[in-house]
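As structure tokens, the structure follows; a few thoughts come after it.
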Amino acid sequence: MKERLQKVLAQAGVASRRASEKLIIAGRVTVNGRIVTELGTKVDLNQDTVKVDGKPIEVKERFVYYILHKPRGYLTTVEDDRGRRTVMQLLEPVKERIYPVGRLDYDSEGLLLLTNDGQLAHRLMHPRYQVRKFYLVEVTGEVSQAALETLRSGVQLDDGITSSAYVELLANSPQKSLLKIGIHEGRNRQIRRMCQAVGLPVRRLIRTQFGPIKLGKLSPGKFRQLTAQEVGKLKQAVKHRGK
């Protein structure tokens, strides 16, 4: 995205915006090899080469972190070649290029993290760091003690047995029951497959927590930036000491 030259210089740490304007007027700034003295000039460092006194500049990437309450009926992907709705359509006001951390199924809802901090995102998704995610899971039928024990200790799926999980029975009846499940793995449709394997088809699945970050009262379809404190907790969860 093109921005005013003096703003780009300031973002790159060359000088304050006012001082950058003076550099431009003095003819010390070139864009694609041409001296530019017009303050209204707009540039994009992804396309243009900007130099000050012959030295190229680059803007340091500014990491941003968002939480979204994903509604049902949205794909957790940046784009879809079949034209289906994606979570990125809910974050159109965000200027930075951000990406989902992991995925939530099309029919699932709840907490989704998005960022442009690739290293932190990788660690949050990697099983090695065992960042636990919690879900409220409404299932059809009554939950037996045997099913609970199997969910907690490990369920045999077609891609291997699952790791031990946190499982709490919140409500139980012959028609439908409610579970709170916490896992640190990230297999495709894992909780739905786990529940199906013990005879409990999932009716509704909501992610309520990702590591130390909770969904709270954020409404479906709404998003907000994480606070500095929340970002710090995420980094601590994976012992990340990045920017």
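How many residues are on the phi > 0 side of the Ramachandran plot and surrounded by 12 or more Cβ atoms within 10 Å (Cβ to Cβ) if we restrict to the stretch 16-63? Explain how you work it out, then say what you get.
Going through the stretch 16-63, the residues on the phi > 0 side of the Ramachandran plot turn out to be 27, 32-33, 53-54.
So of that shortlist, the ones also surrounded by 12 or more Cβ atoms within 10 Å (Cβ to Cβ) come out as none.
Residues meeting the conditions: 0.
Counting only residues that are outside any strand (DSSP E or B) and at pLDDT 90 or above, which one in the stretch 29-47 is farthest from Arg4 (Cα to Cα)?
First, the residues of the stretch 29-47 that are outside any strand (DSSP E or B): 32-33, 36-41, 44-47.
Those left that are additionally at pLDDT 90 or above: 32-33, 36-39, 41.
Details: Asn32: 15, Gly33: 17, Val36: 12, Thr37: 12, Glu38: 10, Leu39: 7, Thr41: 6 Å.
Among them, the one singled out is Gly33.
If you take the residues in the stretch 119-131 that are outside any helix (DSSP H, G or I) and under 22 Å from Ile98 (Cα atoms), which one is modelled with the highest pLDDT? Before you say what the answer is, go through the steps one by one.
Step one: list which residues in the stretch 119-131 are outside any helix (DSSP H, G or I), which gives 126, 130-131.
Remaining after also requiring under 22 Å from Ile98 (Cα atoms): 126, 131.
Numbers: His126: 89, Val131: 95.
In this case the residue turns out to be Val131.
Across the stretch 214-232, what is the number of residues that are small (Gly, Ala, Ser), surrounded by 10 or more Cβ atoms within 10 Å (Cβ to Cβ) and touching a residue at least 24 places away in the same chain (Cβ under 8 Å)?
To start, the set of residues in the stretch 214-232 that are small (Gly, Ala, Ser) comprises 216, 219, 221, 228, 232.
Restricting the remaining residues to those that are surrounded by 10 or more Cβ atoms within 10 Å (Cβ to Cβ) gives 216, 221, 232.
If we keep only those that are touching a residue at least 24 places away in the same chain (Cβ under 8 Å) as well, we get 221.
Number of matching residues: 1.
Matching residues to (1) in contact with a Pro (Cβ under 9 Å, 6 or more places away or on another chain); (2) closer than 28 Å to Tyr65 by Cβ; (3) in a strand (DSSP E or B):
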site: Ser163; (1), (2), (3): yes, yes, no
site: Ser177; (1), (2), (3): no, no, yes
site: Glu185; (1), (2), (3): yes, yes, no
site: Gln196; (1), (2), (3): no, no, no
site: Arg207; (1), (2), (3): no, yes, yes
site: Glu230; (1), (2), (3): yes, yes, no
site: Lys233; (1), (2), (3): yes, yes, no
site: Gln236; (1), (2), (3): yes, yes, no
site: Lys239; (1), (2), (3): no, yes, no
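The values are calculated or read from the model by the stated rules, or taken from the named source; none is laboratory data. Every value quoted in this text rests on a predicted model; they were computed, and no experiment measured them. Don't worry about glycine lacking a Cβ; one is built from the backbone with ideal geometry, like all the others, and counts go over all protein chains shown.
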